[in-house]
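The values are calculated or read from the model by the stated rules, or taken from the named source; none is laboratory data. Only a predicted model underlies this, so the values are computations on that prediction, with no experimental measurement involved. Note that each Cβ is placed from the backbone with ideal geometry, even for glycine, and that neighbours are counted across all protein chains shown. Please note that ligands, DNA and RNA were not included when accessible areas were found on the heavy atoms of the full protein model with its side chains. Shrake-Rupley method; radii C 1.70, N 1.55, O 1.52, S 1.80 Å.
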Amino acid sequence: MSEPVQPPVPPSGHDLPAAPAAPPPAATPLPAAPQYPATAQGYPSAPPYPTAPQAAAPPQAYPTANPAPQAYPLAPSGRPTPVRESNPLARAAFIIAVATFAINLFGSIVRPFVYSGGGVGGYEFMLAFDNGIGILSFFVYVVALILGLIAMRRAGSRLLTGMAIGIAGVGAIGFVFTSIAITLLQFI
């Protein structure tokens, strides 16, 4: 392909032309359809726009205006990229982890009221209740952690997955350390 025709370089402010500029031509009405130059003038017949990617043109002395940024990123096919779909496994892991955390939080809030109730068997009931919730929540936290790790490998948003892994991991580790501490306190 031939080199594109470069427009002449405009003169700088210091180099003024010696002769005055010619007056503009008289106004003529515009034709109804755009007129294109004929190929007989020595110009090759080419479409007004490139049809295939070409090598980058050399830099011009006066760069043109920057093209407007696109509103949406384009995929290699030229179409907008599809929006990532949600990950239902991540959502399930997140809901399980948050529900288990809420149950443990509820047990922590209720504990002082049960102890101060002074009723018969308040301490024994709360001890059995705490142990049952603790063991059940440990296994549910492990399930939420496994679901979160599986969901991490799937496409979709990683925000819920990360939150589910964080909540479930901290809950399971907290139960393990609490169990170790209680077991060690029995021997002291």
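For the reader, a short list of remarks on this structure follows.
- Restricting attention to the range 128-144, the residues being open to solvent by 70 Å² or more (accessible area, probe 1.4 Å) and either closer than 19 Å to residue 93 by Cα or within 37 Å of the chain's Cα centre (by Cα) (or both) number 4.
- Annotation note: of 154, 111, the sole residue that is under 23 Å from the mean Cα position of the chain (by Cα) and open to solvent by 50 Å² or more (accessible area, probe 1.4 Å) is 154.
- Only a single criterion out of (1) modelled with pLDDT under 80; (2) in a helix (DSSP H, G or I); (3) open to solvent by 60 Å² or more (accessible area, probe 1.4 Å); (4) in contact with a helix residue (DSSP H, G or I) (Cβ under 9 Å, 6 or more places away or on another chain) is not satisfied by residue 101, namely (1).
- Residue count for the range 145-188, restricted to those that are part of a helix (DSSP H, G or I) and either farther than 11 Å from residue 94 by Cβ or among the β-branched types (Val, Ile, Thr) (or both): 26.
- Annotation note: Cβ proximity below 7 Å between a residue of the range 159-178 that is among the polar types (S, T, N, Q) and a residue that is assigned to a helix (DSSP H, G or I) (sequence gap 6+ or interchain) occurs for 161/90; 161/93; 161/148; 161/151; 161/152.
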